[in-house]
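Take a look at the structure set out below.
The values are calculated or read from the model by the stated rules, or taken from the named source; none is laboratory data. Small disclaimer: the values here were computed from a predicted structure and weren't measured. As a convention, Cβ positions derive from the backbone with ideal geometry for all residues, glycine included, and neighbour counts pool all protein chains shown. The area values use the complete protein model at the heavy-atom level, side chains included, leaving out ligands, DNA and RNA. Shrake-Rupley method; radii C 1.70, N 1.55, O 1.52, S 1.80 Å.
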Amino acid sequence: MTLPENIASVNVGGEHRLLSKGITTVANLKFDLVLENKADSLYSWVVYLENDSDEPSPRIREFLGLDMRIPVQGTAQLNTLRGDDCTIYSYYPETFSLTEGETVFRRPTGGRSSNTTAFPYFDIEDETGAGIVCGIGWSGQWKLDITRTGNAVHLMAGFQDCDFILEPHEKVRSIRILLYCGCGGADRLRHRFVRLHRRHYSPIPTFNNDTYFPVSASPFDRYYWGNPPENGKLNYFETEDAQINIINKAAECQCFNAYWLDACWFEGAFRNGVGNYRYGAGFPNGLKTLSDLAHRKGMRFILWFEPVRAFEGTDLNKLYNHDKTKIIALPDTAKVLANIGDPDIWQYQFDHICRIIEENGVDIYRQDFNIDPYDYLKSIETPDRIGIPQIRFVESMYKLWEALQQRFPGHIIDNCASGGRLLDVETCMRSIPLLRSDMCCRPSPLAMQNEVLLLSRYLPYHQGGSWEESAYFMRSSFTTGIGTNFAFLTGIIDPEKEERSMRYVTYPSHLASELKFLGTFRPERVKAAMKDVLRLREYWSGDFTALTPVSDKQDALIAYTLRLAEEDRGAVLVFRRENAPDTFVIKLPEVNTEKQYSLTISDETLAETEQTVSGAELSTGFSVTIDEAPGSLLIFYTATEPTIDA
């Protein structure tokens, strides 16, 4: 498919205008559509809009960064995902037949780009296997409308709210679009899209550089929840001594390259202190002691921040709550938005974040975002500025990340938003999501398997977490790295504290039985389990293909493959859930049926066997058995001979 000339549009003063590459002038407005074509059939663009005059602009009633038609033959189908809602149904697949005259409407919830009701990636294929894969880059409230008209599908995407007048010389930008056009069916289209997304629109040039992918000790959720200070005494986990013990215990395993301190280091901690940059009572010396120890043990230091909230009574809130456009509160909710779209709030956050990073030798900036900003930002709109507070808020988050990367070259940004509610092209260009959903904060291998199956369709990278060192849980969670909620403080912390936090994070009924993950820390088992999954890293630079559908049932078998096509080798992971049958038939796409393949099969106990299988058998059906339930197999396959002798 050739990209059409007109690919975006605007409504100025009631007049609809299509936009193409380069500069288009409408009245006193200048639109600059910057189009990139970094690889064959891969396109990305943003439209920059400026009021190029000394007078207010005409009213802009619509600003669509995507407005184009693509040809289709016969039946056509839209594939996409739900957003993240911290359940086992996060990112569940959604499929729509594109029927003449009907429109599919997609919008996320609450002003975060991948929250609950929609996901900003999708693909469309027709009955010939031709189609597109598309990602939307806007970390706020976007909209997407898709309509079938004859032998074409009309795509329209932009800001959900847009009805504003620009001040003299004021500038805004559109959403970003990342689009791949091709053929060969859904899997091949997604393979190519993900490869090109990773290569050209991510902060990581190659997955073989493990500098970028933390294997981290991060037991916040095992010990923090349900344990507030009692009788003036801190929860032990929220102390320097506890964190020193975690670092030392992690170092015993000889496999961790990162230590992760989450939202308990500042005064008031996560429960009511977001908006403070003063160290909590448990950290009287700051965090440099922890950082130095982690560095000596060969680990980078990950530290949690949340610049978009400011609880009542915190330093930031008290300083600016006189201005309701800076610190925004709504009735009937305790959450308060720190409007980083305001220059004063932005500067305050930037200065304090930089100070903490510099004082403490922070290596990875972890940004959380635990608030739906939409209603807050709507509350400060004026009739001539509908959508502008949202635009400024999102632009300022990009500005913050870019300023931090300029201040700290090579610094890594971890994108979290109540888990995975801010996963879009723009955030994936600048950051890595170390916690793809807050389901990683709960001990659920089922959820981890589902998330890997679904997010790997579109995202160039994502990571999850494990609560124990079993092969089943570790393999369910691992991609390019992993966060671990292991029982690092076994024998050190009061076990009642651990159980209290575990009960807190296992409150959904489907996790009621998961208290079995109350654990004992066993460094040698951790080391062995981590060695097992670290072999997978290089394969995540290849092509991901799901071999089974996603499932919310414990009687399901789940499987996927990672393939390095140029080297004709790959990995297969098979998971047998609690009530699932013990046999699975592997059918691998794209193996060469005229070759033989050497297989190394690692079972749930990490015992390995080897055998040779023909490509024909791998392609049409190779049966494997998993003895344990739950249990798993990790299979590596490599082509060994050019052809099978007749």
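Across every pair of non-identical alpha carbons in the chain, the mean reciprocal distance, once inverted, gives a Kirkwood radius of 25.9 Å.
Residues within the reach of a label modelled at Asp187 (point 7 angstrom out along Cα to beta-carbon, backbone nitrogen below 19 Å), restricted to region 547-575, are 547-551, 557-575. Rounded to two decimals, the Cα-based Rg/Rh of region 100-191, with Kirkwood Rh, is 1.04.
All other residues whose Cβ lies under 11 angstrom from that of Gly137 are scored, Lys and Arg at +1 and Asp and Glu at -1, for a net of +1. Note on Arg59 and Thr609: with the Förster distance fixed at 60 Å, the Cβ-Cβ geometry gives a FRET efficiency of about 0.30. Under the classification rounded if a/c is under 1.5, otherwise prolate if a/b is larger than b/c and oblate if not, where does region 45-106 fall, given a ≥ b ≥ c as square roots of the Cα gyration tensor eigenvalues? Taking the square roots of the gyration eigenvalues as a ≥ b ≥ c, region 45-106 is oblate.
When the solvent-accessible area of region 574-646 is split by element, carbon and sulfur atoms take up 44 percent of it, the probe being 1.4 Å. Taking label points 7 Å from Cα along the Cα-to-Cβ direction, Glu36 and His322 give a separation of 4.4 nm. Extending 7 Å from the Cα toward the beta-carbon at both Arg385 and Ala27 defines two label points whose distance is 1.9 nm. The protection proxy used here, the mean number of other Cβ atoms lying within 10 Å of each residue, ranks peptides 176-183, 231-238 as follows, highest first: 176-183, 231-238. Label-to-label distance, Gln347 versus Tyr398, with points set 7 angstrom from Cα along the beta-carbon direction: 2.3 nm.
Dividing the convex hull volume of the Cα atoms of region 385-457 by its residue count, what figure in Å³ per residue is obtained?
Working: hull volume 8.4 nm³, N = 73.
So the per-residue hull volume is 115 Å³.
So what's the gap between the Cα centers of region 270-329 and region 515-589, to the nearest angstrom? A separation of 37 Å, based on Cα centres. Among beta bridges identified by DSSP and lying wholly in region 169-305, the antiparallel ones come to about 20 percent.
Given R₀ = 22 Å, FRET efficiency for Thr600-Leu564 by Cβ-Cβ distance, to 0.05? Kindly include the intermediate steps, with their values, before the conclusion.
Working: r = 15 Å, r/R0 = 0.68.
Efficiency, rounded to the nearest 0.05: 0.90.
Checking the cross-link pairs Lys326/Lys399; Lys531/Lys595; Lys38/Lys399 against a 19 Å limit on the alpha carbon distance flags Lys531/Lys595; Lys38/Lys399 as lying beyond it. For region 369-470, give the percent of accessible area contributed by carbon and sulfur heavy atoms, probe 1.4 Å, rounded to a whole number. Exposed carbon and sulfur together represent 49 percent of the surface.
Charged neighbours of Arg407, selected by a Cβ distance under 15 Å, balance to -2 (K, R count +1; D, E count -1).
Under 15 Å from a label point set 7 Å out along the Cα-to-Cβ vector of Arg500, the amide N atoms of region 252-274 belong to 271. Over all other residues within a Cβ to Cβ distance under 14 Å of His169, the charged ones net out to -4, with Lys and Arg as +1 and Asp and Glu as -1. For region 67-120, what % of the accessible area comes from carbon and sulfur atoms, probe 1.4 Å? Accessible surface attributable to carbon and sulfur in region 67-120 totals 51 percent. Solvent exposure of the chain, expressed per residue, is 36 Å² of accessible area, with all protein chains present and a 1.4 angstrom probe.
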